[in-house]
1. For the stretch 247-283, which positions are modelled with pLDDT of 95 or more, in a helix (DSSP H, G or I) and open to solvent by 20 Å² or more (accessible area, probe 1.4 Å)?
2. Considering only the stretch 284-313, state which residues are open to solvent by 40 Å² or more (accessible area, probe 1.4 Å) and part of a helix (DSSP H, G or I).
3. Considering only residues that are touching a Lys or Arg at 6+ places or on another chain (Cβ under 9 Å) and under 30 Å from residue 77 (Cβ atoms), which ones fall in the stretch 103-145?
4. Looking at the stretch 144-160, is at least one residue acidic (Asp, Glu) and part of a helix (DSSP H, G or I)?
5. Among the residues of the stretch 83-92, is there at least one that is buried (at least 17 other Cβ atoms within 10 Å of the Cβ) and at positive phi?
6. Hey, can you tell me all the residues within the stretch 234-246 that are on the phi > 0 side of the Ramachandran plot and surrounded by 13 or more Cβ atoms within 10 Å (Cβ to Cβ)?
7. So residue 35 ticks every box in (1) more than 28 Å from residue 130 (Cα to Cα); (2) open to solvent by less than 30 Å² (accessible area, probe 1.4 Å) but one. Which box is left unticked?
8. Please work out which one of (1) assigned to a loop (DSSP other than H, G, I, E, B); (2) modelled with pLDDT of 95 or more; (3) open to solvent by 40 Å² or more (accessible area, probe 1.4 Å) is the condition residue 218 fails and give its number.
Amino acid sequence: MRKFFFFIVILALIAAAAWYGEQWNYAAPGPSPRGAVVLVKPREGVSAIAQQLQKADVITNADLFRVGLRIRGQQTALKAGEYFFPPRASMASVAGILVGGKSIQHKFTAAEGLTSDMIYRLVESNTVLVGDAGPEPPEGTLLPETYLFTRGMMRAHLLALMHAAQTKFVAEHWATRAANLPVRTPEQAIILASIVEKETGIPEERRHIASVFENRLRQGIKLESDPTIIYGITRGYPLGRGIRQSELVRATPYNTYVVAGLTPTPICNPGKDAIAAVLDPENTADLYFVATGHGGHVFTANYAEHQKNVAKLRQTEKTQH
């Protein structure tokens with residue numbers, strides 16, 4: 001009887017030591033000195049995941065990791081995704097990351113003023129996205145911004161998110177737009193916002209430039225915007241030279257020196273600031289603006305003053321060359 005009792009005690013001590021050893025080992029620092037990124041594919045089994053982690057030097061022993069998951073009832077709780085495991089992460093931390101399912105967030109940035117073709121090409125060339133991008137979105141239907149996504153998102157889905165983001169933003173600001181705007185529909189607002197976007201890269205100027213164009217629309221004055229001519233020639237890509245006189249007088253749908261009113265479509269994808277500026281412009285009487293040559297523009301309601309400002313710009317350009 002005494003021998004049996006002694007045997008039980010020995011087994012209990014061994015079990016306790018094994019339990020303690022497993023607990024200590026599961027919480028001990030891992031082998032990776034720099035951390036590692038591991039992609040866990042959908043429907044990948046625990047054994048395959050453990051082997052992949054060991055191969056990436058995230059854990060020391062795949063079998064011990066699987067045992068630890070089984071003891072804690074986590075073997076079916078691991079989620080697919082792309083994960084970064086910090087340097088020296090313990091098996092407990094590794095399991096927590098996999099169970100939490102917080103995949104690495106990748107960024108896709110579409111700058112304000114890019115055309116739909118430019119954004120579409122960026123989406124197509126992104127190697128983290130997958131699948132066909134689908135048809136190219138119509139001009140001006142995407143909201144330029146930085147979007148977060150996880151590896152494996154469909155290209156077409158990202159484009160759909162960009163379109164939905166624009167639709168939501170425009171709807172919210174259209175509901176609170178200023179009174180008596182010359183743009184009658186959200187589509188017209190986007191067209192004008194795209195022109196405002198291409199006229200200045202200075203956020204503080206956008207509401208003022210929007211007021212100039214809206215004053216012109218109210219009075220039936222042509223917009224006379226150079227970016228619209230360029231879009232008619234290159235569909236928004238850099239012209240690489242100055243606009244020729246023949247192009248200034250050529251009657252095309254996008255030449256706002258010849259055709260009154262708005263262009264048939266947007267000339268780019270305007271950002272939030274440009275859209276907001278068109279729907280809530282500054283209250284001015286200005287009808288003209290011209291670059292200063294030192295950054296920014298100078299505005300006036302008087303054509304004679306505008307001509308003087310143009311002459312100053314030409315003189316500045318001569319001194320700079």
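The values are calculated or read from the model by the stated rules, or taken from the named source; none is laboratory data. Just so it is clear, the structure is predicted and the values come from calculations on it, not from any experiment. Quick reminder, even Gly has a Cβ in these numbers, built from the backbone with ideal geometry, and neighbours come from all protein chains shown. Surface accessibility is based on the protein's heavy atoms, side chains included, excluding ligands, DNA and RNA. Shrake-Rupley method; radii C 1.70, N 1.55, O 1.52, S 1.80 Å.
1. Residues satisfying the conditions are 272, 273, 276.
2. Scanning the stretch 284-313 gives 303, 304, 305, 307, 308, 311, 312.
3. 103, 104, 106, 128, 129, 130, 131
4. Here is the first cut: in the stretch 144-160, the ones acidic (Asp, Glu) are 145.
With the extra rule that they be part of a helix (DSSP H, G or I), the set shrinks to none.
No, that holds for no residue.
5. So far as the stretch 83-92 goes, no, none of its residues is buried (at least 17 other Cβ atoms within 10 Å of the Cβ) and at positive phi.
6. The first filter runs over the stretch 234-246 and keeps only residues on the phi > 0 side of the Ramachandran plot, leaving 235-236, 240.
Listed by number, the residues that qualify are 235, 236.
7. (1)
8. It is condition (1) that residue 218 fails.
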